[in-house]
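*Asks:* What follows is a structure written as structure tokens; I'll ask about it next.
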Amino acid sequence: MYAPRQDDGRSAEDVLHGTITPPMFPIELHGIPGSLHFHDVVESEFTIGNPESPVLVLARRVPHVGRALGYRLMWRGVTVTYLSDHQQPSGAEFTVDDGVLELCSGADLLIHDSQYLPDEFAGRSDWGHCTAEFAVWLAEKAGARRLALFHHDPDHNDDCVDEILATAQKLATTVDVFAAAERTTITVGPASH
Ligand SMILES: [Zn+2]
């Protein structure tokens, strides 16, 4: 698991240890099958995967209510950017941090927060998330080729996600937009365009 430390100094491992523990959970973190390896990540570049053909990862801070990082993964000329949680500016004008733009620039696939309808965002403008309108704006500003709307609001049903997608697709002029869904397999790369 790759994640940043919280502002109070706790690592992802500390946080999970504190959450996955009786009495709120039936077992301790180490009772979960599998082997867990934790990596504290700061803004940096590092590699993961097969050392003979490693994936280069760029990590940058992303505005959010809690400390959050976004990741740009680059492998064999293909770039996928993962920005699960992104605080949209609360004002009417969209802006983006340089580090975030660096993550998204020219991505073949941008997986981005799109939690709120504009009406909902108005009442939750400091909860750490954004609208699909903001996601489309950022994707096009950064020159991303495809945008996966992600981090759907738990109170939105499929019809609502379909409506958000339709609005985003109407708004988009250069980026190909779709809604992320469980168990979807996506092929990315120069050949898929
Ligand atoms: Zn969040």
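The values are calculated or read from the model by the stated rules, or taken from the named source; none is laboratory data. Here the structure is a predicted model, which is why all the values come from computation and not from measurement. Don't worry about glycine lacking a Cβ; one is built from the backbone with ideal geometry, like all the others, and counts go over all protein chains shown. Areas reflect the complete protein model, heavy atoms only, side chains present, ligands, DNA and RNA absent. Shrake-Rupley method; radii C 1.70, N 1.55, O 1.52, S 1.80 Å.
*Asks:* Just the number, please: Stokes-Einstein D of segment 23-127 in µm²/s, Kirkwood Rh from C-alpha pairs, 10 °C, 1.306 mPa s.
*Replies:* Here the translational diffusion coefficient equals 98 µm²/s.
*Asks:* For the chain, what does the helix formula give at 222 nm: sum of -39500 (n - 2.57) over DSSP H segments with n ≥ 4, over the residue count, nearest 500 deg cm²/dmol?
*Replies:* -7000 deg cm²/dmol
*Asks:* Here's a follow-up. Which residue fluctuates the most in the chain, going by a Gaussian network model with Cα springs under 10 Å, if the choices are 156, 86, 64?
*Replies:* 156
*Asks:* Rounded to the nearest 0.05, what FRET efficiency do residue 45 and residue 97 have when you use their Cβ-Cβ distance and R0 = 25 Å?
*Replies:* 0.90
*Asks:* If you stretched the chain out fully between residue 156 and residue 56, how much longer would it get, using 0.36 nm times the residue separation minus the C-alpha to C-alpha distance?
*Replies:* That pair, residue 156 and residue 56, stretches by 32.5 nm at full extension.
*Asks:* Rank these by accessible area, largest first, 1.4 Å probe: 93, 120.
*Replies:* Output order, biggest surface exposure first: 93, 120.
*Asks:* With an 8 Å Cα cut-off and a minimum separation of 6 or more residues, compute the relative contact order for the chain in percent.
*Replies:* With pairs under 8 Å counted, the relative contact order is 15 percent.
*Asks:* Please identify the DSSP H helices in the chain that span no less than 18 Å along the helix axis (Cα) and have a mean Kyte-Doolittle hydropathy of -0.5 or more.
*Replies:* Once both thresholds are applied, what remains is 158-171.
*Asks:* Another question, then. At q = 0.10, 0.19 Å⁻¹, what base-10 log of I(q)/I(0) does the Debye formula yield for segment 93-193 when every alpha carbon is treated as an equal point scatterer in vacuo?
*Replies:* Scattering profile of segment 93-193, log10 relative to I(0): -0.26, -0.94.
*Asks:* At R0 = 35 Å, how high is the FRET efficiency between residue 36 and residue 173 if r is their beta carbon distance? Nearest 0.05 is fine.
*Replies:* So, using R0 = 35 Å, E works out to roughly 0.20.
*Asks:* I'm a student and want to see the number: the projected area of the Cα convex hull of segment 1-40, averaged over all directions, in nm².
*Replies:* 2.9
*Asks:* With the full set of protein chains in place, find how many percent of the accessible area of the chain is carbon and sulfur; take the probe as 1.4 Å.
*Replies:* 53
*Asks:* Considering all projection directions equally, how large on average is the shadow of the alpha-carbon convex hull of segment 145-193, in square nanometres?
*Replies:* Averaged projected area of segment 145-193's Cα convex hull equals 3.9 nm².
*Asks:* Evaluate the charge dipole of the chain about its Cα centre and quote only its size in Debye, nearest 20, assuming +1 on the Cβ of each Lys and Arg and -1 on the Cβ of each Asp and Glu.
*Replies:* Dipole magnitude for the chain comes out near 580 debye.
*Asks:* Measuring from label point to label point, each 7 Å out along Cα→Cβ, what is the residue 15 to residue 186 span in nm?
*Replies:* Going by the 7 Å Cα→Cβ label model, 2.3 nm.
*Asks:* Taking just the alpha carbons, could you work out the radius of gyration and Dmax for the chain, both in angstroms?
*Replies:* When restricted to Cα atoms, the chain yields Rg and Dmax of 17.6, 51 Å.
*Asks:* I would also like to ask the following. Express the accessible area of the chain per residue in Å², computed with a 1.4 Å probe while the remaining protein chains stay in the model.
*Replies:* Counting only protein heavy atoms, the per-residue value for the chain is 57 Å².
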